[in-house]
Each structure stands twice: as structure tokens, then as C-alpha cells.
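**Student:** What follows is a structure written as C-alpha cells; I'll ask about it next.
The values are calculated or read from the model by the stated rules, or taken from the named source; none is laboratory data. Computed from a predicted model, the values in this text were never measured in an experiment. Heads up, the Cβs are rebuilt from the backbone with ideal geometry, glycines too, and the neighbour counts pull from every protein chain shown. Note: accessible area is taken over every heavy atom of the protein model, side chains too, but ligands, DNA and RNA are not part of it. Shrake-Rupley method; radii C 1.70, N 1.55, O 1.52, S 1.80 Å.
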Amino acid sequence: EETDITLPDIIANLSLPIDHKRVRRFSISRAHVWDGAVRGFKRATYSETCDMLVRFTDDTGVLEEGTDTGGPRPEFLTLLMKHLKDQKGIDSWSTVQMV
């Protein structure tokens with residue numbers, strides 16, 4: 001399924017203010033980071049202005065111990081960016097690096 005969101009739109013949206021009183025939860029399997037991200041971002045309840053709470057699961061869906069006190073979210077975003085970088089055929093990756 002294709003979307004109408006462009007890379008410049010994504011970059012522009014990064015500057016939107018985050019409402020830390022509203023939280024959207026992401027349960028992410030380390031083995032399937034991309035699938036978990038897409039599933040979370042496509043939820044009707046997702047809003048880019050809400051804070052993100054990330055929890056990692058193992059391959060069977062069991063949550064890892066610990067809470068998101070700041071570590072899991074940057075780790076998730078790093079893994080997501082690594083996935084995007086490693087994808088073949090992404091013509092706009094050089095544009096992302098220049099931003």
C-alpha cells in the first residue's frame with residue numbers, strides 16, 4: 001500500500017511539538033522492526049504529536065524486561081533507520097543523509 005507522504009513531509013513533521021501527556025505505545029520485535037513500525041504508524045490512534053513508548057518483544061511476543069525510560073525509543077529509531085539504510089533500491093537515501 002502506497003502513501004502520499006514524501007521525505008520532505010516527514011522531515012518537516014519532525015519539528016512539530018510533542019504532547020508528553022499523550023502516549024502511543026509500540027511493541028516491537030527486534031527481528032521485525034520494520035513490520036512493527038509500519039503497524040504502529042498505521043494505527044488510527046497514532047499521532048505524530050504524541051509521545052512514543054517503545055517496548056521490545058522477543059520472537060514469540062514476550063515483552064523484554066524493563067520500561068522505556070529513554071533507551072528503547074532511540075534504539076527503536078536507530079534500528080528503523082538502519083533498516084531503511086540497508087534496503088536496496090532506495091533512491092532518496094543520499095537526500096536523507098544530506099538533511
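**Student:** Which of rounded, prolate or oblate describes the range 1-67 when judged by the alpha-carbon gyration tensor and an a/c cut-off of 1.5?
**Tutor:** Numbers: a/c = 2.47, a/b = 1.42, b/c = 1.74.
Oblate.
**Student:** Among Val38, Val33, Val62, what's the order by accessible area (1.4 angstrom probe), most exposed first? Walk me through the numbers on the way to the answer.
**Tutor:** Numbers: Val38 45, Val33 15, Val62 85 Å².
These residues rank, largest area first, as Val62, Val38, Val33.
**Student:** Thr78 to His20: FRET efficiency via 1/(1 + (r/R0)^6), r the Cβ-Cβ distance, R0 22 Å, to the nearest 0.05?
**Tutor:** Details: r = 21 Å, r/R0 = 0.96.
It comes to 0.55.
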